[in-house]
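The values are calculated or read from the model by the stated rules, or taken from the named source; none is laboratory data. Small disclaimer: the values here were computed from a predicted structure and weren't measured. We place every Cβ from the backbone using ideal geometry, glycine too, and count neighbours over all the protein chains shown.
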Amino acid sequence: MARVVDTRLYDLLGVRPTASDGELKKAYKKLSRDRKGSGEKWEEIERAYGILSDPKKRRIYNERGLEDEDEDEDEDDDDDDAADFFSGAGMQGHPFESLFGGSMFGGGGYRRGKARGRPVHHAMRVSLKDLYNGKTKQIQLTKNIICNSCKGIGGKPGSVKRCSTCRGQGVILITQRIGPGMVQQMQSHCSDCGGQGETIDPKLKCKKCDGKKVVQDVKVLDVNIKKGMRSGQKITFSGEGDQLPGIEPGDIIIVIDQKDDDQFKRIDDDIYMTQKIGLTEALCGFKMTVQHLDGRVLLLKCNPGEVIQPDSVRTVLGEGMPKTRKASEKGNLYVKFEIEFPEDNWIDQDQIKMLQDLLPSPDNDGESMESDDIEDVDMRAIEGTRGDTDEASVGQAYDEDTDHHGARGQSMGCAQQ
């Protein structure tokens, strides 16, 4: 016999879900002999027996809970049904809606199909290298599963009773007077059943789950990270969420969280990196190697005579990230060059002459700047700094200069020119 997703009707009759038609009939007759009057409790029992004694209704109930017994087994029309539901067209009364006065459906309404648990999100830290190459990683989670000792009942058969205080709703209405002739109704969890809508005889509680119907279990999932996946992308494990009686488990959703890489930065399908080179390399060409994310060694080269400007960018086509839809296609690799100038602050006259012969001449030789309107000032280096000083170090040098030389305005003017 297939697993029964909802045992409440069997509990009303005091039988197991595996009960035969004869056992159902016997239990019903026994309850009819013991009943007193024709109250709501007996009406529930009659309806329960009416469903379970019909083979077709019982099969649907066992498989789906309180589902529509007349639903066609061909589910091709599910989308149309959903459209009709949300548009308000074709709304029909549910055959089980009147059972228990609609209490199982939150006051008369119902949702087609079994209720589904909420999805649970988990972040997984992944390196850029793993996103480039693809990898299967494991994640260990703790979740609730149906207690296999009591099969999600919470106790022995017949131990679960509908709460008489809230009539199975799990909530009660509290009326509070707020003024003369004015009252306010508020909804609150039922304290007798803890908001569960049912109670379990303490003597008959399941010892394994203590009447909670579920126990904790450790689940290990194999997360397949495909080449080219990116941060924020989701991997869904359908139906792997927490289990609860009468509720379809939700999904576990793994969210990719990319860790920063020391060398490469990713933007969409492209990869960016910064490479430092010396002034000689920038002017005379170079050859250097870079190890890529898949372990391959790339040879980067610049031919002699091809000058690399500071912060210039070169592109290596097809060496970026694999594209998720077609891993054989890749983005590009972009290399930004930073020029490191010589540490020495001075070069001799022979070197100056050599550079003047090789490099373009300046725009002017300084003669046009000799004028009575132009004041010649001294510009001094700041000790312990280079040309690319930050504001803090420059400010500190200004303060020291002021302390030793008096007025500060002239030094600031030099630095600004």
- Message: Being within 30 Å of A123 (Cβ to Cβ) and assigned to a strand (DSSP E or B) is the requirement here; does R314 meet it?
- Response: no
- Message: I need the full set of residues from region 259-271 which are of a type outside the set (V, I, T) and surrounded by 18 or more Cβ atoms within 10 Å (Cβ to Cβ), in order please.
- Response: F264, R266
- Item | Answer from D344, D311 - the residue that is loosely packed, with under 10 Cβ neighbours inside 10 Å and either at pLDDT 90 or above or more than 32 Å from the chain's Cα centre (by Cα) (or both) | D344
- How do the pairs read when you match residues in region 297-321 that are in contact (Cβ under 8 Å) with a residue 40 or more places away in the chain with residues anywhere that are of a type outside the set (A, V, I, L, M) and assigned to a strand (DSSP E or B), using Cβ under 8 Å and keeping only pairs 6 or more apart or on different chains? E319/K330; G320/D270; G320/K330; M321/R266; M321/D270; M321/K330
- Message: Being over 25 Å from the mean Cα position of the chain (by Cα) and polar (S, T, N, Q) narrows it down to one residue among T274, T236; which is it?
- Response: T274
- Item | Leading residue by the ranking (surrounded by the most Cβ atoms within 10 Å (Cβ to Cβ)) among those in region 282-308 that are out of contact with any strand residue (DSSP E or B) (no Cβ under 7 Å at 6 or more places or on another chain) and closer than 26 Å to D261 by Cα | L293
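With the condition kept exactly as written, say whether any residue in region 173-194 is under 19 Å from K41 (Cα atoms) and not assigned by TED's automatic domain parsing to the domain that holds G14.
Taking region 173-194 as the starting set, the residues that turn out to be under 19 Å from K41 (Cα atoms) are 192-193.
From what is left, the residues that are not assigned by TED's automatic domain parsing to the domain that holds G14 are 192-193.
Yes, region 173-194 contains at least one residue that is under 19 Å from K41 (Cα atoms) and not assigned by TED's automatic domain parsing to the domain that holds G14.
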- Within region 238-271, track down each residue that is outside any loop (DSSP other than H, G, I, E, B), closer than 30 Å to R314 by Cβ and charged (D, E, K, R). K265, R266, D270
- Task: Of the conditions (1) touching a residue at least 60 places away in the same chain (Cβ under 8 Å); (2) crowded, with 16+ Cβ neighbours inside 10 Å; (3) among the hydroxyl-bearing types (S, T, Y), S149 clears all except one; give me its number.
- Result: (2)
